[in-house]
Every structure is written in C-alpha cells, then in structure tokens.
Amino acid sequence: METILVLTHVDETGTALSKASLEAVTAGVELARQLSATLTIGILGLASVNAAAAASAVAATGARLLAVTNEAFAQPRYATDAAGCEALCRATQASIVLAPGSSRFVRVAAGVAHRLGGFIDTHITSLSSNDSVDATRWFYRQRVDATISRDARPWFLLLDAGTHAAYAAEPGTAQVEAVDVTLPATRTTVEGLRSPMRDAQTIRPDARLLFVAGAGWTKKQPDGQIHVAEAGELILAFLRLSGASLGSSKSLADQKAEGPGEEQSVLPFLTHMNQVGQTGSTPRHAKGLSTCCHGEEPHVVGWRFIAERRAISLDPNCGWTRGKADVVYVADAFQVMAKVNALLESRIS
Ligand SMILES: Cc1cc2nc3c(=O)[nH]c(=O)nc-3n(C[C@H](O)[C@H](O)[C@H](O)COP(=O)(O)OP(=O)(O)OC[C@H]3O[C@@H](n4cnc5c(N)ncnc54)[C@H](O)[C@@H]3O)c2cc1C
C-alpha cells in the first residue's frame, strides 16, 4: 500500500502556500484517491507565522498535515530546505513524495531523495495509476511523451508548474502536527532580494497571455523605413497594460545592434530567455498572440501548450494561416497594437 507525501512551501508572503504547491496538492489528492492511499501534506513554513493559517487552504483535503517551522525557511537555502524536507519525509515514511518543480524544491529534491535512499524523476506532467503508478514527462524538446513507472521506493516526483489546477476549497480548521527539524550550521546568509523593475521582468510564467514578437518588428515597413524604437515602445506598452509574458522568435532574439562593441540585442529588453520554440522554451499560457512572426514549425513547436492562438501577420501565406493559429489577422501589427494599447489605456483611465 502506497503512502503519499506532498511537500509544499509557503510563498513570499509567508502566510499562504505557493501556487505551485497547491497544484502539487491537487495531484496528490487525485493520486491518493486512485490508489486508496493515505495522503499527508508537509509544509515548510515560518515559525513566526501560525502554520495553521497556510494549512487552512488545504484542510478540506482531509489529509494529515505536518509542518516544519523555522525562520530559516523564510528564504530558500539548500542546507535548511533540504533538512526541512528530509525531516518531513522521515516523519511520514512515505513511499511516494510529490513536490512542485519550483526553483526552491528543484534545488533540494534530488539531495533529499538521496538522503532517503530513494529515486527521483523530474518535469512530471501527469500521474495515473492502474496496477502501478505511472508518471508522464516529455523528452527531446516536447517531442517524445514518456510514461515512467518504478518499483523503487521512496519515489520522488517533481511536478512541472501549470500541469495541475491549483487546489481550491473553502478554508477549514487545520490540525497541524509539528515535526522537529535539526537545522545544520549554515554558511549562506540571505541578505535580501533584488528584483528587476516590472518593465525589465518580461518573462511572466503565471500570465494568462503570451505575447510573441517576431523579426518583422525590425524589418523595413511599407514606407521603406525601419521603426525599431516605435516597435519597442509598442511592445513594452502592451506588456505594461496587459501583464502579458513576452516571447520571441529566434530570428528576433538573435539580432544584435550593429557597430563595434554593440553586444545588445536590437530590442534591448529581449534575450534568448524569451525565445520560444524548438531551441527555445515551451511555455504554458491560456492564450497566445503572435506578432510580426512567420509561424514556422521550429517556432510553433514551442506553442504546444498555448491553448488559444492568435497571430497578426502581413503575410496571408504565413505558417499561422496554414492551420497553426485559431485566428489570424492579416494586418499591420504596428497599427493593430497601437489601437489595442489605446483601448487598454482608455479602460484603465
Ligand atoms: C534547428 C533550428 C532550430 C530553430 N529553433 C527555433 C526556435 O526555437 N524558435 C524560433 O522562433 N525559430 C527557430 N528556428 C528558426 C525558424 O525556422 C524561423 O527562421 C524563425 O522562427 C523566423 O522568425 P520570424 O518569424 O520572427 O522572422 P521572419 O521569418 O523574418 O518573419 C517575419 C514576419 O513578420 C511579418 N511582418 C513584417 N512586418 C510586419 C508588420 N508590420 N505587421 C505584421 N507582420 C509583419 C512578415 O510578413 C514575416 O511573416 C529554428 C531553425 C532551425 C533550423
């Protein structure tokens, strides 16, 4: 009989579980139901905050709730996070450990699995059970969909964000059992966080919309001129007004400003981190809007997890019109985005 532990951690407020943790809770609840297994939720939290406050959001699962609490968990740090997770795993003796693939847990999960003599698989997208527990994940840039099962226990599974709905139920009264954790001596002191300005932070995995900019933004336009500065303003204004995440085609991300010593990309807020596609990322968003991009297969393969796709292209024969988008506007993206931004501005003011 399997026993399932879902490892979770609080978000930056310190009072609630992170969204990725709540997604892992959903996966745990579903798997426990399929296996008729016992479910425990382990929480990494702060001592100054009543762990029951964070746990109340998952009280309706009926799972056993355990917490390790200490101010040391206010900041992600390998030594303390690994010790907290290890303590939760040892307290439950779980055979299956699910955890969100957050940067915090990706860093420690393999080490914790090793301490427990277990095995780990990462980037899991779904779980199911017949006779055995099956986990799926993609290989080779989302081209090969593999199903994995293992006899070895404990089996740690890190779940990709966005693959499960975040657990949502009426908050209930949570009975949280405290688990003792012996924290190791730490060498790393977290002095604070430095975040980029909102305009500089263009990759937003939680956004509903992915806005993709293609190389057309930097090409000669019907007036025979290029309008890169205007393109940059239109794109940044749209990101600011809509909260969308910014993706790029490879052709645009590859462009560099001309001139000796010019290492900056033509649109300075773009890097290869924005690139979507075969040699880029495969983000998950409810909607996507492609602009000035031709929609070639190596780019569109990165749109696999975009549910509703729209494109604005001057070319009526572009890849998007050939069945790769739900809606294509054959139009000038400069004009369309200026109008869209004006409409968004008028809504806000
Ligand atoms: C091995 C390999 C891997 C690759 N990996 C990737 C990848 O990961 N991601 C990726 O993106 N590409 C990748 N590519 C490249 C890919 O094949 C294309 O070359 C690239 O996606 C083209 O980028 P683009 O559509 O932005 O540019 P272009 O092909 O130059 O298209 C620009 C488009 O903008 C339109 N346009 C111009 N002005 C306007 C306007 N005012 N309004 C509206 N539309 C306008 C034009 O009509 C044109 O359709 C890869 C290629 C190879 C060989």
Q | Scope region 240-258; condition out of contact with any Asp or Glu (no Cβ under 7 Å at 6 or more places or on another chain) and surrounded by fewer than 22 Cβ atoms within 10 Å (Cβ to Cβ); matching residues | A | Ser242, Gly243, Lys250, Ser251, Asp254, Gln255, Ala257, Glu258
(Q) For a quick check of your reading: which strands (runs of 3 or more DSSP E) sit entirely within region 116-228 and have at least 3 residues that are aliphatic (A, V, I, L, M)? (A) 144-148, 155-159, 209-213
Q) Could you list, in sequence order, the residues of region 62-85 that are over 20 Å from Thr189 (Cα atoms) and surrounded by fewer than 20 Cβ atoms within 10 Å (Cβ to Cβ)? A) Gly62, Arg64
Q) If the Cβ limit is 9 Å and pairs must be 6+ apart or interchain, which residue in region 317-338 that is among the basic types (Lys, Arg) pairs with which residue that is assigned to a helix (DSSP H, G or I)? A) Lys324/Glu297; Lys324/Val300; Lys324/Trp303
Q) Does region 256-266 contain any residue that is within 25 Å of Asn341 (Cα to Cα) and within 14 Å of the ligand (Cβ to nearest atom)? A) yes
Q: Would you confirm whether any residue within region 313-327 is assigned to a strand (DSSP E or B), within 25 Å of Ile226 (Cβ to Cβ) and not assigned by TED's automatic domain parsing to the domain that holds Phe139?
A: yes
Q) Out of all the residues in region 268-288, is one or more in a helix (DSSP H, G or I), modelled with pLDDT of 90 or more and surrounded by fewer than 22 Cβ atoms within 10 Å (Cβ to Cβ)? A) yes
**Q.** Filter result for the condition that a residue is of a type outside the set (Ser, Thr, Tyr) and surrounded by 19 or more Cβ atoms within 10 Å (Cβ to Cβ), over Ala311, Ala307
**A.** Ala311
Q) Within region 86-117, can you find the residues that are among the hydrophobic types (A, V, I, L, M, F, W, C), surrounded by fewer than 19 Cβ atoms within 10 Å (Cβ to Cβ) and touching an Asp or Glu at 6+ places or on another chain (Cβ under 6 Å)? A) none
Q: State which residue pairs qualify: first residue of a type in the set (Ser, Thr, Tyr) and inside region 132-153, second residue assigned to a strand (DSSP E or B) and modelled with pLDDT under 95 in any location, beta carbons under 7 Å apart, and separation of 6 or more residues or different chains.
A: Thr136/Asp145
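Here is a yes/no grid of residues against (1) outside the structural domain of Ser103 (by TED's automatic domain parsing); (2) farther than 21 Å from Ile43 by Cα; (3) within 16 Å of the ligand (Cβ to nearest atom):
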| site | (1), (2), (3) |
| --- | --- |
| Asp160 | no, no, no |
| His164 | no, no, no |
| Tyr167 | no, no, no |
| Ala174 | no, no, no |
| Pro184 | yes, no, no |
| Thr188 | yes, yes, no |
| Ile203 | yes, yes, yes |
| Lys220 | yes, yes, yes |
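The values are calculated or read from the model by the stated rules, or taken from the named source; none is laboratory data. On a predicted model such as this, the values are computed, not experimentally measured, just so you know. As a convention, Cβ positions derive from the backbone with ideal geometry for all residues, glycine included, and neighbour counts pool all protein chains shown.
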